[in-house]
Amino acid sequence: MTSPTRVDASTLPDECWDDPARGTIRFRTLISAPTTDSLGIVCGVAMMAAGDTFPLHSHAEPEVYFGLDGTGEVQIDGMPHSLAPGVALYIPGGAVHGVPLAKTPMTWFYTFAADSFADIHYRFLHESPE
């Protein structure tokens, strides 16, 4: 059994990929087992400064982006989609997506139907298949 959980994003450290080839995007994982007493959902906040990158990638799980601040272009299966405050983007599982280059600062909320962020297997296009 899980319990209600409150997380204050302002108290969390910024995370980033260990390999800079996976981009310069920063994120804060808000809800993810086992850090939080939760199951079935992972969510967080992604942040990009002008000039940051989040290379094209895919994962089996569908994802939703919800724009919080700034504007930018998210590529989904080769098509550009504008992300802005109040705009939600549904990204189907397996879709190739990313923000190859942020032209202005942008922040968005993201969520997956998974128990833990560690369960999301990212496949970046520039990396060799496993």
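Since every read-out is calculated from the coordinates, none of them should be taken as a lab result. Because the structure is predicted, anything quoted here is derived from the model rather than measured. In this analysis, Cβ positions are derived from the backbone assuming ideal geometry, glycine residues included, and neighbour counts consider all displayed protein chains.
Miscellaneous remarks
- Counting only the Cα atoms, segment 55-98 fills a convex hull of 59 Å³ per residue.
- Residue order, fewest to most beta carbons within 10 Å, for ASP14, ASP115: ASP14, ASP115
- In plain terms, the residue of CYS43, CYS16 with the fewest other Cβ atoms within 10 Å comes first and the most crowded comes last, giving CYS16, CYS43.
- Across segment 35-130, the convex hull enclosing all Cα atoms gives 101 Å³ per residue.
- The charge dipole of the chain, taken about its Cα centre with unit charges on the Cβ of Lys, Arg, Asp and Glu (plus for the first two, minus for the last two), comes to roughly 280 debye.
- Compactness check for segment 82-130: Cα Rg over 2.2 N^0.38 Å is 1.35.
- Given charges at Cβ of Lys, Arg, Asp, Glu: the chain dipole, positive-most of ALA88, GLY70, GLY40: GLY70
- Hypothetical label at PHE109: residues of segment 17-50 whose amide nitrogen lies under 16 Å (7 Å Cα-Cβ projection): 28-32, 41-47
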